[in-house]
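As structure tokens, the structure follows; a few thoughts come after it.
The values are calculated or read from the model by the stated rules, or taken from the named source; none is laboratory data. In this text, all values refer to a predicted model and were calculated from it rather than measured experimentally. Neighbour counts run over all protein chains shown; Cβ positions are idealised from the backbone, glycine included. When the accessible area is computed, the model is the full protein with side chains, heavy atoms only, and any ligands, DNA or RNA have been set aside. Shrake-Rupley method; radii C 1.70, N 1.55, O 1.52, S 1.80 Å.
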Amino acid sequence: MNHPIPYGRQHIADEDIAAVADVLRGPFLTQGPHIGAFETAFASYIGSQYAVAIANGTAALHLCCMALGVTTETRVITTPITFSASANCVRYCGGEIYFADIDPKTALLDINAVRAVLEQHPKGYFSGIIPVDFAGYPVDMAAFRDLADDYGLWLLEDACHAPGGSFMDQHGVIHRCGDGSLADLAIFSFHPVKHIAAGEGGMITTNDEALYKHLLRLRTHGITNKPAEWTEPYVGEPERGGWYMELQELGYNYRLTDMQAALGTSQLQRVDAMFARRQEIAKRYDEAFSNTNVSIIIPPISVSHAYHLYVIQADDRKGLYDFLRTKNIIAQVHYIPVHLMPYYRQFGWKPGDFPNAERYYARCLSLPMFPTLTTDEQDYVIASVKEFVGA
Ligand SMILES: *Cc1c(COP(=O)(O)O)cnc(C)c1O
């Protein structure tokens, strides 16, 4: 192909552009009416009671850790196969990150490995778990909820890869990623490479009203102007008028703009079609690679995979990556294990700590996966991979 095929790409339609232009002509650029509209539409899509729009997914993770009370005394477990923000959020609050290995059958955080880490420490040592719906494969959050309840832990779901993904629990109940039924909080990202593009952007979903209200305040500096939340007048304060507001705690400016919310809301109108297209592309890849020497992960029928990424595993991954580059196919590697990052090695994590994650990293490659990938382009990608591996 004479044009590059990236591993992911946003789709901006004329109606998206019109929606943003409309906001620019109106009176509100930051936090206007589109924020609430986006939150309502997103909560209804995901199936949660509440949604809080945030500047980006990383800021959403940070605020979740603050709302969950992470401090320098807090220890949290996450997966090494994720974007480092899933771990960094705990560090922003001074807490300590522990990792547990992945299950090679799903590439997700292995609940048995997490249980083993919990059992190695006294009860009360850990405060929470951050499972990640890596690549769009929904974590069995029902099993994690049971484990978390046994140990008195909170669950923060990093669902950046999985808006629209779902799984069926053992009672036949379907849970959408981040629907508030199992994890205490869930976060999403609207970075252009994710399912819904807003330039930058994030969302927190929850069914917990207290956490929801706290997050609204943390998003805007920790300031409130709601009379019900006012403290006693301080000595010497002459009067309270319409100007009055209070800084009640140290928050941040993590607001989303109205332009971004309008773009996100407009994209949300097409989300079902885009989701269906991702699954169609995945099915064609699954069929193409099923009898070859590249490995793929096919979820059971109880799982509806959101396919942010389509990952294959190959022995000569570097060779394959370089070969695809010569074919103008820009594959990518997700992820270099977080515990091997120089920043985390200072805490004592080292190669060999999580063999499944390290083996996965050595072999994984994300192929082009985005709704506007054409069938011709996908055929070309499949043929190129097969040419290299000799299938
Ligand atoms: C993209 C991503 C984030 C961060 O989201 P931003 O909006 O880019 O800050 C966090 N976790 C995972 C798993 C992601 O893929």
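Remarks
- For the chain, with all protein chains in place and a probe radius of 1.4 Å, 54% of the accessible heavy-atom surface sits on carbon or sulfur.
- Taking the centroid of alpha carbons for each part, region 64-86 and region 304-379 are 23 Å apart.
- Each label was represented as a point 7 Å from its Cα along the Cα-to-Cβ direction; for residue 73 and residue 333 these points are 4.1 nm apart.
- Across region 354-391, the residues whose backbone nitrogen lies under 12 Å from the label position 7 Å along the beta-carbon direction of residue 9 are 368-378.
- Sparse packing (at most 14 other Cβ atoms within 10 Å of the Cβ) combined with a DSSP loop state is found for the following chymotrypsin sites (Phe, Trp or Tyr not before Pro) in region 58-153: 125.
- Directionally averaged shadow of region 201-300, computed from the convex hull of its alpha-carbon atoms, nm²: 11.4 nm²
- Solvent-accessible area per residue for the chain (1.4 angstrom probe, square angstrom): 43 Å²
- Anisotropy class of region 257-391 from Cα gyration tensor, a/c 1.5 cut: oblate
- Nearest-ten-degree value, helix 375-389 long axis tilted from longest Cα axis of the chain: 60 degrees
- Within the assembled protein chains, the solvent-accessible surface assigned to residue 105 is about 150 Å², based on a 1.4 Å probe.
- Rg to Rh quotient for region 1-88, alpha carbon positions, Kirkwood Rh: 1.07
- Relative contact order of region 271-389, pairs being alpha-carbon contacts under 8 Å that are 6 or more residues apart, as %: 34 percent
- Shown for the chain: lysine pairs separated by 8 or more places, or found on different chains, whose C-alpha atoms are under 19 Å apart, numbering 6.
- D_trans [Stokes-Einstein, Kirkwood Rh over alpha-carbon pairs] for region 1-158, 20 °C, 1.002 mPa s, µm² s⁻¹: 118 µm²/s
- Contact order, relative form, for the chain: 24 percent (alpha carbon pairs under 8 Å, 6 or more residues apart, mean separation divided by residue count).
- Kirkwood estimate for the chain, i.e. one over the average of 1/r between Cα atoms, Å: 22.1 Å
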